[in-house]
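Read the structure below first, then the notes.
The values are calculated or read from the model by the stated rules, or taken from the named source; none is laboratory data. Remember, it's a predicted structure, so these values are computed and weren't measured experimentally. Cβ placement follows ideal geometry from the backbone for every residue including glycine, while neighbour counts extend to all protein chains displayed. The accessibility values were calculated without ligands, DNA or RNA, using every heavy atom of the protein model including side chains. Shrake-Rupley method; radii C 1.70, N 1.55, O 1.52, S 1.80 Å.
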Amino acid sequence: MEFNDNLKIKSFADYKEAYRESVEQPEKFWESVADTFYWQKKWDKTLEWDFTSPEVKWFQGGQLNITENCLDRHLETIGNKTAIIWEPNDPDEESRHITYRQLYVKVCHFANVLKNNGIKKGDRVCLYMPMIPELAIAMLACARIGAVHSIVFAGFSSAAIASRINDSQCKMLITANEVYRGSKRVNLKGMCDEALKDTPSIETVIVYRRTVEPTPMTPGRDKFWFDELQRAETTCEAEVMDAEDMLFILYTSGSTGKPKGMVHTIGGYMVGTTFTFQNVFQMEENDVYWCTADIGWITGHSYIIYGPLASGVTTVMFEGVPSYPDYGRFWEICDKLDVTHFYTAPTAIRALAKQPLELVNKHNLSSLKVLGSVGEPINEEAWHWYNDNIGKTKCPIVDTWWQTETGGIMISPMAGITPTRPTFATLPLPGVQPALIDEQGNEIAFNSKQAEGRLSIKFPWPSMARTIYGNHQRYKEVYFSTFENKYFTGDGAYRDASGNYRITGRVDDIVIVSGHNLGTAPIENAINEHESVVESAVVGFPHDIKGNALYTYVTLYNDIQPSDALIAEIRNTVSNTIGPIAKPDKIQFVNGLPKTRSGKIMRRILRKIASHDTSNLGDTSTLLNPDVVQEIMENAL
Ligand code: WTA
């Protein structure tokens, strides 16, 4: 197979045609997409679904291995093309260019390390790794032998690692000794050792040496990556997998309780991510694509690894941070690698827009053709800064709306094809049937009038998550119980008279901080663990760079005095339980939290106070304790 762009829609008229077909004959539409992949055995049944149970199955009876689609099928034609360019944290360290053939060999080689250590088809393997090629190799090696990867973002705490390992009973943990992050070195292995005190399912830990520092190893359990390679074969047949077998688990925050292990399955995920990748980004043969996300998030899974590699493009992996050695690093890399397609998050754009323009202008950005945005709504100012200063008004911006749960992009322009509109994710991609739901729970039909409502999806798409690992009931409750027969996204949206969507933000208790989804309930639970705390409420408030930041209201036991030390302790508690990204920006000690008569905290009011928007608090007279509102307002931070 040549550089694989045979899924690309090439004009707006073709988009409309494809969209119409995908709604009128969804099975036929997705069959023709799926036909372009390599299947060991073709599927018998394209789609079976029922949103009440809920049950969704795509390409049943089909057998395949996703790594054969990402690697083997490219070997003859583009084996010598660069698959991954790795750019290290330190600009003085050398980049690595890994061809498709080299990647294939490395994946097969490491797949045997997994096997030699007892990992079999269906076993779960936790990856807690920095942004180095070995992370890509480890995930593809899992897929090669049919093991299920569960990647935990390497910024999470040891408690977060442990709870994720235990939830899915991982047998192995793969990590690195340390990671470079800007001017800092972070001890990942130490984090793992702490987590491993409480993870009985883990039998083996494989440690990649990213630095030369001595690394304490537990005999019998911990093994070095390189030592293990020495005793492994380099060839490995791809395991034959069913289309609906699990490919990976990826945890995302819930608005209540513990994180949800979203389960993605092989066939539909591959078809969906590759189709959307090619159509949204519209790459050409020698283009260089760079998505700045961490692979620990869904954006990295779908649009650094699986979508790009299945399409045979060159994908960049960056180990570092946008601010090191200075805030021009992203632009320096675009210049150095002749990046054509650049995909990042609004929070990064806002942070970089605050810096002197000189840091952009001293680099040559003329290779850029397409810019992307993902993770949260992009505000008008950031959109224009990105368009003017990075794209020089010549690069279409694809504002891609989607979720961990959707697996792939759902609503987005296709670069150069769909007319863009600042702050709008624009139109649904083929196969995506959105619906806006009003206050009464009814769908607002599209009749060329603008509308606003809660965003849901009416029909299954191949890359949707199939369940929450070990808790199908929760999957049903969270996503399929709010509106009958529809998937509920948790987002609000506005639709203009031409059918373009703008995502307005979460309508549940999830706050997106610097592009990271954080459930407020788990943060509250962490804070409430502190011995001085009676109760707490966490809400989001607008923040210039992070998009949203966390504001926390805390009540203390009677004999406890508020203090700076206490604030620091509470912030540390959150950091240790969830991770530094969840640390609240502001903590206000209060004598009581506003509650309804049934005892529910009125977050709506707390959100308004945190945003300094107290002109219209609504009716507070029905509260159990209306007097606390005045006091909270007077002492607001
Ligand atoms: C938000 C990230 C506006 C949204 C891929 C969604 C966005 C949540 C956009 C999912 C966008 C993502 N415009 N909001 N282009 N993209 N979101 O699971 O609230 O980390 O529900 O997946 O991010 O975040 P997640």
Expected single match for closer than 26 Å to residue 385 by Cβ, buried (at least 19 other Cβ atoms within 10 Å of the Cβ) and of a type outside the set (A, V, I, L, M) among 463, 514 is 514
Residues in region 587-599 that are in a loop (DSSP other than H, G, I, E, B) and either without any contact (Cβ under 8 Å) to a residue 12 or more places away in the chain or open to solvent by less than 80 Å² (accessible area, probe 1.4 Å) (or both) total 7
Within region 297-315, the residues that are within 11 Å of the ligand (Cβ to nearest atom) and either under 11 Å from residue 139 (Cβ atoms) or part of a helix (DSSP H, G or I) (or both) are 298, 299, 300, 301, 302, 303
Picked from region 600-637 (must be part of a helix (DSSP H, G or I) and acidic (Asp, Glu)), the residue least open to solvent (accessible area, probe 1.4 Å) is 631
When residue 393 is run through (1) open to solvent by 20 Å² or more (accessible area, probe 1.4 Å); (2) within 16 Å of the ligand (Cβ to nearest atom); (3) within 22 Å of residue 361 (Cα to Cα), the failure sits at (2)
Residue pairs qualifying under the 7 Å Cβ cut-off, at least six apart or on distinct chains, with the first in region 399-415 being within 18 Å of residue 5 (Cβ to Cβ) and the second being aliphatic (A, V, I, L, M) and near the ligand (Cβ under 8 Å from one of its atoms), are 412/425
Counting only residues in region 374-390 that are not in a loop (DSSP other than H, G, I, E, B) and not hydrophobic (A, V, I, L, M, F, W, C), the one surrounded by the most Cβ atoms within 10 Å (Cβ to Cβ) is identified as 386
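Quick one: is residue 358 within 16 Å of the ligand (Cβ to nearest atom), acidic (Asp, Glu) and open to solvent by 20 Å² or more (accessible area, probe 1.4 Å)? Before you say what the answer is, go through the steps one by one.
Working: within 16 Å of the ligand (Cβ to nearest atom): no; acidic (Asp, Glu): yes; open to solvent by 20 Å² or more (accessible area, probe 1.4 Å): yes.
The answer is no for residue 358.
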Restricting region 87-100 to residues that are farther than 18 Å from residue 304 by Cα and in contact (Cβ under 8 Å) with a residue 24 or more places away in the chain, the one least open to solvent (accessible area, probe 1.4 Å) turns out to be 91
In region 303-347, anything crowded, with 23+ Cβ neighbours inside 10 Å, over 18 Å from the mean Cα position of the chain (by Cα) and polar (S, T, N, Q) is listed as 311, 314
Note on region 535-554: residues out of contact with any Lys or Arg (no Cβ under 6 Å at 6 or more places or on another chain), open to solvent by 10 Å² or more (accessible area, probe 1.4 Å) and either at negative phi or basic (Lys, Arg) (or both) are 535, 540, 541, 542, 543, 544, 546, 548
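Checking the condition at pLDDT 95 or above, of a type in the set (Asp, Glu), part of a helix (DSSP H, G or I) and on the phi < 0 side of the Ramachandran plot, which residue from 239, 233, 228 passes? Steps first, answer last, please.
Values: 239 fails: part of a helix (DSSP H, G or I); 233 fails: part of a helix (DSSP H, G or I).
None of the others qualify; the one that does is 228.
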Reported set for region 8-51 where residues are over 24 Å from residue 65 (Cβ atoms), assigned to a helix (DSSP H, G or I) and open to solvent by 60 Å² or more (accessible area, probe 1.4 Å) is 12, 13, 14, 16, 17, 20, 24, 28
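Can you pull out every residue in region 120-147 that is more than 22 Å from residue 294 (Cβ to Cβ) and open to solvent by 10 Å² or more (accessible area, probe 1.4 Å)? Lay out the reasoning, then the answer.
Taking region 120-147 first, the residues more than 22 Å from residue 294 (Cβ to Cβ) are 120-123, 144-146.
Listed by number, the residues that qualify are 120, 121, 122, 123.
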Would you call residue 293 surrounded by 19 or more Cβ atoms within 10 Å (Cβ to Cβ) and closer than 26 Å to residue 151 by Cα?
yes
Checked 498, 448 against criteria (at positive phi and either more than 13 Å from the ligand (Cβ to nearest atom) or open to solvent by 40 Å² or more (accessible area, probe 1.4 Å) (or both)); the one match is 448
Those residues of region 267-296 which are among the polar types (S, T, N, Q) and part of a loop (DSSP other than H, G, I, E, B) amount to 282, 286, 292
For helices (runs of 4 or more DSSP H) lying entirely in region 320-363, having 3 or more residues that are touching a helix residue (DSSP H, G or I) at 6+ places or on another chain (Cβ under 7 Å) and in contact (Cβ under 8 Å) with a residue 12 or more places away in the chain picks out 346-353
Quick check on residue 5: is it over 28 Å from residue 285 (Cα atoms) and assigned to a loop (DSSP other than H, G, I, E, B)? no
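What are the residues in region 366-394 that are in contact with a strand residue (DSSP E or B) (Cβ under 9 Å, 6 or more places away or on another chain), without any contact (Cβ under 8 Å) to a residue 40 or more places away in the chain and over 20 Å from residue 545 (Cα atoms), if any?
368, 391
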Given the conditions (1) open to solvent by less than 60 Å² (accessible area, probe 1.4 Å); (2) closer than 14 Å to residue 537 by Cβ; (3) in a helix (DSSP H, G or I), every one holds for residue 573 apart from (2)
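Looking at region 116-224, what strands (runs of 3 or more DSSP E) fall wholly within it and have at least 1 residues that are in contact (Cβ under 8 Å) with a residue 60 or more places away in the chain?
Working: elements: 124-128, 148-151, 172-176, 179-181, 184-186, 204-208, 222-224.
Passing ranges, in order: 124-128, 148-151, 179-181, 204-208, 222-224.
Rundown of residues vs (1) over 19 Å from residue 56 (Cβ atoms); (2) touching a strand residue (DSSP E or B) at 6+ places or on another chain (Cβ under 7 Å); (3) in a loop (DSSP other than H, G, I, E, B), yes/no style:
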{"position": "415", "(1), (2), (3)": "yes, yes, yes"}
{"position": "431", "(1), (2), (3)": "no, no, yes"}
{"position": "445", "(1), (2), (3)": "yes, no, yes"}
{"position": "452", "(1), (2), (3)": "yes, yes, no"}
{"position": "456", "(1), (2), (3)": "no, yes, no"}
For region 517-530, does any single residue satisfy the condition of being open to solvent by 20 Å² or more (accessible area, probe 1.4 Å) and closer than 28 Å to residue 428 by Cβ? yes
Q: Answer yes or no: is there a residue in region 398-417 that is over 20 Å from the mean Cα position of the chain (by Cα) and more than 16 Å from the ligand (Cβ to nearest atom).
A: yes
Expected single match for of a type in the set (Gly, Ala, Ser) and more than 16 Å from the ligand (Cβ to nearest atom) among 481, 463, 456 is 481
